[in-house]
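Heads up: the structure comes next, in structure tokens.
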């Protein structure tokens, strides 16, 4: 599986291509679908990172240490 940064870079590339508007409708639609998938993956991964950070910053009583 690609790293978070690689997926983010690909999403940025897709946005740039779509903003230019040079692609035909079929290609644009495929890029849009790929972008939506990447966006969902990135969002889900960020939620996981957030949960992990919350777990790491809590002490044994459940209070945040930071």
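The values are calculated or read from the model by the stated rules, or taken from the named source; none is laboratory data. Remember, it's a predicted structure, so these values are computed and weren't measured experimentally. FYI the Cβ positions are ideal-geometry reconstructions off the backbone, even for glycines, and counts take in every protein chain you see.
General observations
- Condition check for residue 19: over 14 Å from the mean Cα position of the chain (by Cα), exposed (fewer than 10 other Cβ atoms within 10 Å of the Cβ), part of a helix (DSSP H, G or I) and modelled with pLDDT under 95: no
- Residue in the stretch 6-15 that is surrounded by fewer than 10 Cβ atoms within 10 Å (Cβ to Cβ) and at pLDDT 95 or above present: no
- Contact map, the stretch 44-58: residues that are assigned to a helix (DSSP H, G or I) paired with residues that are at pLDDT below 95 and surrounded by 10 or more Cβ atoms within 10 Å (Cβ to Cβ), Cβ distance under 8 Å, separation 6+ or inter-chain. Pairs shown: 45/4.
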